[in-house]
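Remarks on the structure that follows.
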Amino acid sequence: MASRHVLVMHLGEGSYTVPESTVSQELDLQEAFKEHPKLIPVADLGLGPLLVVGRETTVSSGGSVDVLAVDMRGQLVVAEFKRGPENPDSRRVMAQVLEYASCLWGMSYEDFDDSVVRPYLISDRCAGGASQGATNLEQAATCVWQGDEGFSAEGFRQALTDCLAEGRIHCIIISSEIDPNTARVIQFLNATAAFRCYGIEVDHFSDGERRVFVPRATVLPSAGQISPPASITTTRANFLAACSERARHFFAALLDSVQAMGAGVSWATRGFSLYVDLGSSNPRVLYGFPRGTVGHAMDYVQLYTSELRSRGVPEAPLQDYLAAASGLTIYSRTQSGNITVDIDEKVDDVSTQMVIAAVQRVIAAARATIPPADGSA
């Protein structure tokens, strides 16, 4: 190949040229970007600094995401690698990246952390890096970005929750060359879909001892299609106004009761999360969303026990909590026991009070079990 060279200059130590060469292994590209996520030209993609949270990560479809990352504003990135035009099946790599994004769509923050991020952080694939030693996503993000202007652990969590719920995922194809068919599919998706897709070409130079990777964002959404992450949170009034009359009654009664006992509520762009306020350690108990989120025709509530269970809260109140919703319409149930419940005709005054009482018992149990973050009694 060697049609081009790059000049590498070491101040005070001379210079040398390195010839262009093909990338022999797709794995080489993966490893380079995993170890050095700064290679992704985030400014061109409307992203912030990246933290890798998965590599060859298995998702529910059985496939494996090449590289999974988040930025400091809670935006989610799925990256797939393709060696170049010598691999003719561009449809396969596009299908893979869309399949993997669809598997993440609709996950809760806790399920994403438990099933995707934590297994990666404690694996051999995560050796080294600024987040070494972290065992969950919040620890890793705080380790990398604590003190950086614009980062807040709570804001990060809320934004990522919204991205997962609404499918606002950034899909990236990284290759030595983006072929015309792949480029056109990317352009089509950006013009018609809610998520964003990008093509990054990587020039590779090597002289056998030294290797140079030069990434370029070559296929991008138009300027009007790249939007900054949502930063405006909803309010209680706006949230309730977006709900049906039945859901409005349920959520108003729930919020009034739990806030009266000092529970915390975090408002996101569309919905809210309910947590046990223990200082900086705030396990989530419940999420509420209006209809239209994640394609839901109904307003819905998500009951969470996994984070509480992992913090040592006794099983009895957690089972009572889930049992309180057992007669309602269960939309989905995860392996960790978390459930999504539609707010439909089964949610009457009696079931509303049953759920509220169960939430109150869980909050009380968590406060009795989990020590406050500041160490106070």
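The values are calculated or read from the model by the stated rules, or taken from the named source; none is laboratory data. Being a predicted model, the structure only gives us computed values, none of them experimental. Ideal geometry is used to build each Cβ from the backbone, glycine not excepted, and the neighbour counts take in all protein chains shown.
Below is a table of values for the structure above.
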item	result
From the options 159, 140, 153, residue that is farther than 18 Å from residue 96 by Cα and either of a type in the set (Ser, Thr, Tyr) or touching a Lys or Arg at 6+ places or on another chain (Cβ under 7 Å) (or both)	159
Helices (runs of 4 or more DSSP H) wholly inside region 99-217 that include at least 2 residues being β-branched (Val, Ile, Thr)	137-145, 180-192
Checklist (1) within 22 Å of residue 307 (Cα to Cα); (2) surrounded by fewer than 23 Cβ atoms within 10 Å (Cβ to Cβ); (3) at pLDDT below 90 applied to residue 88, failing item	(1)
Helices (runs of 4 or more DSSP H) within region 293-377 that include 1 or more residues crowded, with 16+ Cβ neighbours inside 10 Å and modelled with pLDDT under 90	306-310, 349-369
Whichever residue in region 236-280 is modelled with pLDDT of 90 or more and assigned to a loop (DSSP other than H, G, I, E, B) and, among such residues, is farthest from residue 48 (Cα to Cα)	244
Pairs, first buried (at least 22 other Cβ atoms within 10 Å of the Cβ) in region 180-201, second among the hydroxyl-bearing types (Ser, Thr, Tyr), C-beta under 9 Å, six or more apart	186/198; 196/227; 198/218; 199/175; 199/182; 199/218; 200/175; 200/218
Index of the failed condition, residue 136 passing every other in (1) out of contact with any strand residue (DSSP E or B) (no Cβ under 7 Å at 6 or more places or on another chain); (2) crowded, with 22+ Cβ neighbours inside 10 Å; (3) polar (S, T, N, Q)	(2)
Check on residue 13, within 23 Å of the chain's Cα centre (by Cα) and either surrounded by 14 or more Cβ atoms within 10 Å (Cβ to Cβ) or without any contact (Cβ under 8 Å) to a residue 40 or more places away in the chain (or both)	no
